[in-house]
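Written below as structure tokens is the structure these notes are about.
The values are calculated or read from the model by the stated rules, or taken from the named source; none is laboratory data. Computed from a predicted structure; not experimentally measured. Methodologically, a virtual Cβ is constructed for each residue, glycine included, from the backbone with ideal geometry; neighbour enumeration extends over all protein chains shown. Ligands, DNA and RNA are stripped out before the accessible areas are found, and what is left, the full protein with its side chains, is counted by its heavy atoms. Shrake-Rupley method; radii C 1.70, N 1.55, O 1.52, S 1.80 Å.
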Amino acid sequence: MPNELCDSRERPAPKSDMNTLTITGLDKPLVQLSPDALRVKLAALDACRDVVTVGNRNELHLAKAAYGRIREVVSECERSKSAAKEQVLQIIREIDDTANAFALEPIRQRERIGKLIGEYNAMIEERERMRPMESEVQS
């Protein structure tokens with residue numbers, strides 16, 4: 001009796017050029033700074049240039065004002081960056097959710113059939129292992 005072990009790789013599924021997931025509207029994303037943000041940044045940097053030393057109350061007042069303006073520019077940049085990234089992360093979550101929903105049943109079927117193949121292979125291996133013992137008993 002020839003070895004009947006079933007190899008799940010015997011007949012590979014034909015390759016497909018199917019692109020399961022597509023994203024529309026993202027062909028050429030454009031990340032840009034607002035004109036207002038650029039204007040505020042330049043004004044804050046100009047205020048910083050006026051701060052050379054802090055040796056009296058007037059210089060302290062100018063330094064604190066410049067510091068506050070530049071701190072606000074940096075804080076707003078961080079807030080905007082986080083908000084922009086959240087939009088991208090939402091798209092990533094939608095990709096994952098869509099792909100997981102699509103693949104759920106195929107994954108279940110792959111596991112179910114893989115288990116059946118494994119059980120069959122184990123049964124054949126057991127038969128092959130028992131064959132020499134049966135021959136000895138008959139002798």
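Going residue by residue through the stretch 111-133, is there one that turns out to be open to solvent by 70 Å² or more (accessible area, probe 1.4 Å) and closer than 30 Å to ILE23 by Cβ?
Yes - at least one qualifying residue is present in the stretch 111-133.
Can you name every residue in the stretch 82-110 that is under 30 Å from ASP36 (Cα atoms) and either open to solvent by 90 Å² or more (accessible area, probe 1.4 Å) or touching a Phe, Trp or Tyr at 6+ places or on another chain (Cβ under 6 Å) (or both)?
Residues of the stretch 82-110 under 30 Å from ASP36 (Cα atoms): 82-92.
LYS85, GLN87, listed by residue number.
Does the stretch 32-75 hold any residues that are at pLDDT 95 or above and in a loop (DSSP other than H, G, I, E, B), and which are they?
VAL51, VAL52, THR53, VAL54, GLY55, ASN56
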